[in-house]
């Protein structure tokens, strides 16, 4: 196998053409043929496999141990995803992924929930043999799994449903920039709060759900919004977000000193998001927010998250939105599973 490292001149995030080269070389393989839209400008969508297990607790396999060896210790029952299955809120599941890895030396990976997954409050993390959550070691060879924990809504998934994405890295790219992200609590509807005890969300059904059955709109009072403990919110950034075409970004976990809440489960932003070149100028970042143990008052413009920018190894052959996107040029927006909010 010809090494992809011969094509890389500097550390950085691999763009779409390098991901396609890894697939062609067999460094990223799958149980079924890859789909045309799986490869994004700087990431790869991952697909659920045929089996998922309800488990009694989350776990890490531990150094030198395989996920499948540890699974019998925690598994409660197995579900067949070829027929579709409902994953209940408040429960934890481990599923096979269709994709498996044989990364070349010098290539590592990091996973994150897709935007549509985070916006319905489904907490997901990648698992690899002997590895940590979401981070895949340089040169890893083996299968991949996903931990799934629906928090607010029960979800319907199938073999092939895409819940997370993989970003591949050459070497250890340096952070180019870090920018604060503030929350927009201006006029009109400033956010949505999830309704408890709603129906099941079919994660393969686009524009197929009435948002009023699942969300209630929120209005700020004097530029403030009170977050209730344990509730889930969709808000938007005060500032437009722009990801230059030679960079990718990740919205990082909140600094505990900023507030008692978590922002943005789904943190990857691909090159071209919010840029003129990709016809996305003015796009906002959508924030998935969950308050912790105490009520917390957010102020308009308050810093709630940070964007960390990293270089690409080369310019991607496609930019964010080239294949169509539900989130380019977005403002405050629910996930693609819901029809547009009216009124």
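Here, each number is a calculation from the coordinates, and none is a lab measurement. These numbers were taken from a predicted model, which means no experiment stands behind them. All Cβ positions, glycine included, derive from the backbone under ideal geometry; neighbour counts span all protein chains shown.
Across the chain, Cα-Cα pairs farther apart than 35 Å form 20% of the total. The spacing between the range 61-83 and the range 265-338, judged by their C-alpha centroids, is 33 Å. Straightening the chain between residue 178 and residue 65 buys 37.1 nm, computed as 0.36 nm per residue apart minus the Cα-Cα spacing. Per-residue ellipticity at 222 nm, computed for the chain from helices alone with -39500 (n - 2.57) per DSSP H run of at least four residues, works out to -1500 deg cm²/dmol. Expressed in Å, the radius of gyration and Dmax of the Cα atoms of the range 177-311 are 15.6, 43.
In this structure, residue 341 and residue 37 have a Cβ-Cβ separation that, at R0 = 25 Å, corresponds to a calculated FRET efficiency of about 0.45. Taking the fewest neighbouring Cβ atoms within 10 Å as the starting point, the ordered list for 116, 58 is 58, 116. For the range 8-170, relative contact order (Cα pairs under 8 Å, six or more residues apart, normalised by length) works out to 33 percent.
Using only the Cα atoms, work out Rg/Rh for the range 15-174, with Rh taken as the Kirkwood radius, to two decimals. Present the calculation step by step, with values, prior to reporting the outcome.
Details: Rg = 15.0 Å, Rh = 15.8 Å.
Taking Rh as the inverse mean 1/r over Cα pairs, Rg/Rh reads 0.95.
Based on the Cβ-Cβ distance from residue 80 to residue 210, what FRET efficiency comes out when R0 is 30 Å, to the nearest 0.05? Show your work: numbers first, answer last.
Numbers: r = 29 Å, r/R0 = 0.97.
Result of the calculation: an efficiency of 0.55.
Note on the range 132-234: Cα Rg divided by 2.2 N^0.38 Å, N the number of residues, gives 1.47.
Annotation for residue 102 and residue 73: the two label points, set 7 Å from Cα along the Cα-Cβ direction, are 2.9 nm apart.
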